[in-house]
Amino acid sequence: MSDTKELTRHYSRSDLLGAIKRGLEALGKKRETATLDDLALVDEFHVGGRQASIELLDQMDVSADQFVLDIGCGLGGPARFAADYYGCKVAGVDLTEDYVTAGRVLCNWVGLSDKVSLRQGSALNMPLVDGTFDAAYMMHVGMNIADKAALCSEVYRLLRPGARFGIYDVMRVGEGELTFPVPWSSVPETSFVARPQEYKDALAAAGFKIVAERNRRDFALDFFEKQRVRLAASDGLPPLSLHIVMGENTGEKLQNLVTNIAENRVAPVEVIARKIA
Ligand SMILES: C[S@@+](CC[C@H](N)C(=O)[O-])C[C@H]1O[C@@H](n2cnc3c(N)ncnc32)[C@H](O)[C@@H]1O
């Protein structure tokens, strides 16, 4: 099976909207009145959820008159949050058709279709015009992309000079084999976890200057511990949560991720770069 086919198999989910609607109803909410905060339980597909998005985006100098690119946008949760919170426009690109199709409807539900556009495509060849964007970000996507240099060149092409590119990915920080499945890959063949230095080299080669770097290991372990305590105090899985996008073996994927982080093999890391003017 090709990498793309295996990735599509890993991420694709039928009836995402039906599952989200049922989850909302179980919480006593309706899709007509669903808020961004309600949807954040299911559409922020990265370690730390909404809080992690806020902490990355706050370093991006985003303002209301800007056009921002979300690479590997998934269901579009961070894109909708950015559009709502900063007032900017956001374009999202993602490989997984099921996410993009459902994500467009979610934009409609919360009245953000005029500010957020989502389209299917590869991060390595985005169907967008050179120099269009004032900022770009990517959350938990680079682990699926082997060629970090090609990825950084493609983002560089789309940004205007001086624009920031914020990355929040799970990166290699120590030694030892990773345990699979993990949220981004069912098998080792579609996991391309790289060291922060490899990202920084790829960014520099494309023409970016590194602005900041932050290892988010403690934040991640604290996030997972709070999640564990909440789950232990409840009757099973919450009706609206990432199990809707991660599927039946969500527990196993998350447990493996926690172990991989706790054993210091990987950690979520932010790298912020700026396109040299
Ligand atoms: C873990 S999810 C993160 C989604 C979103 N960034 C978020 O934080 O909610 C990883 C996403 O990367 C997308 N992806 C993986 N490889 C990609 C590629 N080459 N081009 C575009 N999207 C890709 C997947 O389809 C998936 O939606």
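Taking Val155 and the conditions (1) crowded, with 21+ Cβ neighbours inside 10 Å; (2) of a type in the set (Val, Ile, Thr); (3) part of a loop (DSSP other than H, G, I, E, B), which numbered condition does it fall short on, given that it satisfies the others?
Only one criterion is unmet by Val155, namely (3).
Only residues that are over 23 Å from Leu7 (Cβ atoms), of a type in the set (Phe, Trp, Tyr) and either modelled with pLDDT under 95 or outside any strand (DSSP E or B) (or both): list them for region 178-232, please.
Result: Phe219, Phe223, Phe224.
Select from region 35-51 the residues that are in contact (Cβ under 8 Å) with a residue 24 or more places away in the chain, away from the ligand (no atom under 11 Å from the Cβ) and over 17 Å from Leu118 (Cβ atoms) and list them in ascending order.
Thr35, Asp38, Leu41, Gln51
Against the definition (of a type outside the set (Lys, Arg), modelled with pLDDT of 95 or more and either within 30 Å of Arg31 (Cα to Cα) or part of a helix (DSSP H, G or I) (or both)), how does Asp235 come out, yes or no?
No, not satisfied.
So which pairs qualify, if the first residue must be in region 151-167 and closer than 14 Å to Asp70 by Cα, the second must be of a type in the set (Asp, Glu) and modelled with pLDDT of 95 or more, the Cβ gap must be under 6 Å, and the two must be at least 6 apart or on different chains?
Ala163/Asp134
Among the listed residues Leu56, Leu69, which satisfies the condition of being in a strand (DSSP E or B), touching a strand residue (DSSP E or B) at 6+ places or on another chain (Cβ under 7 Å) and buried (at least 17 other Cβ atoms within 10 Å of the Cβ)?
Leu69
Just to be sure I understand the filter: pairs with C-beta atoms under 9 Å, separated by 6 or more residues or on different chains, first member in region 132-143 and farther than 12 Å from Gly92 by Cβ and within 12 Å of the ligand (Cβ to nearest atom), second member among the acidic types (Asp, Glu) and modelled with pLDDT of 95 or more. Which pairs pass?
Pairs that qualify, where the first residue is farther than 12 Å from Gly92 by Cβ and within 12 Å of the ligand (Cβ to nearest atom) and the partner is among the acidic types (Asp, Glu) and modelled with pLDDT of 95 or more, are His140/Asp169; Gly142/Asp169; Met143/Asp169.
Before we move on, is Gly18 surrounded by fewer than 18 Cβ atoms within 10 Å (Cβ to Cβ), modelled with pLDDT of 95 or more and either small (Gly, Ala, Ser) or outside any helix (DSSP H, G or I) (or both)?
In short, yes.
Filter region 218-277 for residues that are of a type in the set (Lys, Arg) and exposed (fewer than 14 other Cβ atoms within 10 Å of the Cβ); which is farthest from Ala194 (Cα to Cα)? Working first, answer last.
Residues of region 218-277 that are of a type in the set (Lys, Arg), as a first pass: 226, 228, 230, 253, 265, 274-275.
So of that shortlist, the ones also exposed (fewer than 14 other Cβ atoms within 10 Å of the Cβ) come out as 226, 228, 230.
Details: Lys226: 27, Arg228: 28, Arg230: 32 Å.
It comes out as Arg230.
Can you pull out the residues in region 240-259 that are in a helix (DSSP H, G or I) and over 14 Å from Phe223 (Cα atoms)?
Filtering region 240-259 for residues in a helix (DSSP H, G or I) gives 243-246, 250-259.
His243, Ile244, Val245, Met246, Thr250, Gly251, Glu252, Lys253, Asn256 - these are the residues of region 240-259 that are in a helix (DSSP H, G or I) and over 14 Å from Phe223 (Cα atoms).
Does region 113-131 hold any residues that are farther than 19 Å from Arg160 by Cα, in a loop (DSSP other than H, G, I, E, B) and either over 19 Å from the mean Cα position of the chain (by Cα) or within 11 Å of the ligand (Cβ to nearest atom) (or both), and which are they?
Within region 113-131, Ser113, Asp114, Gly121, Ser122 meet the criteria.
If I filter region 91-101 for residues that are buried (at least 21 other Cβ atoms within 10 Å of the Cβ) and closer than 16 Å to Phe208 by Cα, do I get at least one hit?
No, there is no match, as no residue in region 91-101 is buried (at least 21 other Cβ atoms within 10 Å of the Cβ) and closer than 16 Å to Phe208 by Cα.
The values are calculated or read from the model by the stated rules, or taken from the named source; none is laboratory data. The structure displayed is predicted, hence computed values, not measured ones. Positions of Cβ are backbone-derived with ideal geometry, glycine not excepted, and every protein chain shown enters the neighbour counts.
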